[in-house]
Amino acid sequence: MDTMPVAVRGLNYSYGTGDMARPVLRDIDLTLAPGEIVLLTGPSGSGKTTLLTLIGALRAVQQGSCAVLGQELLGAKEAQRVALRRRIGFIFQSHNLLGFLTARQNVAMALELLPGLTEAGRLARAGAMLTSVGLGDRGEDRPDRLSGGQRQRVAVARALSADPGLILADEPTAALDRQSGGDVVRLLRDLAKQRGVPILLVTHDPRILDVADRIVAMEDGRIVQADGRTASGPRPGG
Amino acid sequence: MKPGLNALFLPLRLAWRQLRAEKARLASAIAGVMFACVLVFMQLGFRAALFDSASALLASMRADIFLMQPLTTASFRPETFPRARASQALALPEVWAAVPIYMAQTTWRNPENGSRRAMQLIGFDMEAGVMGFPGLAPLLEALKRPDTIAFDRRSRPEFGNVARLLAERGPFQGQLGNHRVEIVGLVEVGASFGADGNAVMSEVNFRRLTTNRVATTVDLVAIKLVPGANRDAAIARLRQVMPGDVMVMSQPQLVAHERAYWENGTPIGFIFAFGSLMGLIVGMVIVYQILFSDIASHLREYATLKAMGYSNGFLGRAVLSAALLLAVLGFIPGLGLSWVLYAVVGKATFLPLAMDAIRAVGVFALIFSMCAAAGFLAMRKLRDANPADMF
């Protein structure tokens, strides 16, 4: 189990403290195998986004075990969480690109955190990454000159450029039409499969369920259904 | 590039790219810093000019050591002491000359419109060569005639355009106190706080104009030493010899004594310090506003950077870098504009306004600190960029 990129055991989480405490996650068990693509679905308020932020080291774990890329997050310090985030690629609902940077500079921002790269090396790698998402010729454009689908593809390139050990995505198609939403998710899947990177993707979007190796449904802070397979016995990617 | 340098260079570059992207906002931020810069330069310039002008008369005297009554607070209002102190000083072998200087104020009648105004009279022995006023040398012989004066061409215009009258009619008659005097030429002394205008004359003519004064008292004694004599040793010996009714001072000490009066004995020093502080506060608020709204409108992007693994420290350095870039970008045009204003305002106010390197460095340090303070204040807004709220 230690070799799994994500291993969550008995995770509980509440907002507020004392009498005001409102539990949002109850006794969650979830494992991602290397290269596995898992979709997390469920109605709003079911706790899936909170689970994603806990796995992404954006929140402190309160109770239970949450090991991500070998780092136990229960009791982890802020600096340990910041270091772990550098090994995770995030894709958000909106692209959140820096408007004053070009597409290539935005991708290179993810590489500035890696030691031992020169500026030329960073830009070359960012350019290659943009080519692999089909935007090799748009590298010098600012985000406001790209379409919604193109911006989200830049965000995908940014998330993948630093060779993360895990991709976390939150409704990456919410702001896109059917065609470009499907394109972005399939692109993400193909690139992740090539690299063997697991993906945990929160979505409401029924149009993209086909990219998943496994679908996990949540309700009221619990995992209610794991697509016929048990959470502890995932099928490896592919 | 070393990793340590990257930790400073990369946030600086990010800050510059962000500032550069919004030209209008950058321009208003630079204008704000420039405004603060000019305000501080003008306040400090006026302050220095007023202190310089207050001590200009003393600074233009060409002597090594001075004797002054200890109760004298400022040269425009001197306390007198016995003329005999000058003769006593001559007893020291290293003293080459001890020249009495007389100062008083009396009214001058404007030769153009007849209005009256207080004027500073400066009397001394024309032969002694202790006064370095420009224009004095060719007038020395003329000033030895009875009831003659030389008029300070840098007196305020309210004293009348004596230079034009002299050019038109040559030496002419004027009125000083209740006496008729002949204006024989122009010298340069400079208006100051204490005196709007000056008239220079011989010792004898000074006595004729100030008949109510005891003739055996003087206001200042300028001492010249024989060439090669040690000034500090001479001061020490004079202090041993002189009784308690005179202070022995070098010229820098005399000038500092005069400045200290204006700086501490009047609200002038405070007024200009207060003006400078106001400029800095206004500048800080402007820079803070710009930085704060920059962060507030990019909270999602900053939160994304945090989610990607950027530390609070990196983003803090980016905000601080933006503040310091604004300091540099605002200071440069501020310095240029102040330079121009010094020339324009100096001409209009007859004050010796001049830019000097020490003041420029000092103002830059103030502006830099102002922007850094604004940056530290704005950095608190970064806490609101919480990546957990992004999903």
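The values are calculated or read from the model by the stated rules, or taken from the named source; none is laboratory data. Keep in mind it's a predicted model, so treat the numbers as computed, not measured. Neighbour counts run over all protein chains shown; Cβ positions are idealised from the backbone, glycine included.
Restricting B:Gly309, B:Gly228, B:Gly313 to residues that are outside any helix (DSSP H, G or I), within 14 Å of chain A (Cβ to nearest Cβ) and not charged (D, E, K, R) narrows the list to B:Gly309.
The residues on offer are B:Ala7, B:Ala15, and the sole one that is assigned to a helix (DSSP H, G or I), more than 10 Å from chain A (Cβ to nearest Cβ) and surrounded by fewer than 16 Cβ atoms within 10 Å (Cβ to Cβ) is B:Ala7. Screening B:Gln88, B:Gln175 for residues that are surrounded by 14 or more Cβ atoms within 10 Å (Cβ to Cβ) and in a strand (DSSP E or B) leaves exactly one candidate, B:Gln175. Looking across the stretch B:354-391, just one residue is under 20 Å from B:Ser321 (Cβ atoms) and among the β-branched types (Val, Ile, Thr), and that is B:Ile367.
Among residues that are in a helix (DSSP H, G or I), closer than 27 Å to B:Leu19 by Cβ and more than 9 Å from every other protein chain (Cβ to nearest Cβ), A:Val82 is not included. Taken together, the criteria place B:Gly228 among residues that are under 20 Å from B:Arg62 (Cα atoms) and surrounded by fewer than 19 Cβ atoms within 10 Å (Cβ to Cβ).
In the set (1) within 31 Å of the chain's Cα centre (by Cα); (2) assigned by TED's automatic domain parsing to the domain that holds B:Ala7, the condition left unmet by B:Ser297 is number (1). Pairs meeting the criteria (first residue in the stretch B:281-305 and without any contact (Cβ under 8 Å) to a residue 12 or more places away in the chain and under 16 Å from B:Val38 (Cβ atoms), second residue of a type in the set (Lys, Arg) and surrounded by 17 or more Cβ atoms within 10 Å (Cβ to Cβ), beta carbons under 8 Å, at least 6 apart or on different chains) are lacking.
Looking only at residues of the stretch A:85-110 that are among the β-branched types (Val, Ile, Thr) and over 18 Å from B:Leu14 (Cα atoms), we find that the one that is nearest to the other protein chains (Cβ to nearest Cβ) is A:Ile88. Give the residues of the stretch A:111-131 that are more than 14 Å from every other protein chain (Cβ to nearest Cβ) and surrounded by 18 or more Cβ atoms within 10 Å (Cβ to Cβ), sorted by residue number. Result: A:Arg125, A:Gly127, A:Met129, A:Leu130.
Going residue by residue through the stretch A:94-110, is there one that turns out to be under 18 Å from the mean Cα position of the chain (by Cα), within 30 Å of A:Val133 (Cα to Cα) and surrounded by fewer than 19 Cβ atoms within 10 Å (Cβ to Cβ)? Yes: the stretch A:94-110 contains one or more residues that are under 18 Å from the mean Cα position of the chain (by Cα), within 30 Å of A:Val133 (Cα to Cα) and surrounded by fewer than 19 Cβ atoms within 10 Å (Cβ to Cβ).
For the stretch B:367-390, the set of residues classified as crowded, with 22+ Cβ neighbours inside 10 Å and either away from chain A (no Cβ under 14 Å) or touching a Gly at 6+ places or on another chain (Cβ under 9 Å) (or both) consists of B:Ile367, B:Met370, B:Cys371, B:Ala374, B:Gly375, B:Ala378, B:Pro387, listed by residue number. Of all residues in the stretch A:1-34, those satisfying the criterion of being of a type outside the set (A, V, I, L, M) and part of a loop (DSSP other than H, G, I, E, B) are A:Asp2, A:Thr3, A:Pro5, A:Gly16, A:Thr17, A:Pro34. When the residues of the stretch B:197-225 are filtered to those that are hydroxyl-bearing (Ser, Thr, Tyr) and touching a residue at least 40 places away in the same chain (Cβ under 8 Å), the one that is surrounded by the fewest Cβ atoms within 10 Å (Cβ to Cβ) is B:Thr216.
With respect to (1) crowded, with 17+ Cβ neighbours inside 10 Å; (2) over 17 Å from the mean Cα position of the chain (by Cα), the lone exception for A:Gln63 is condition (1).
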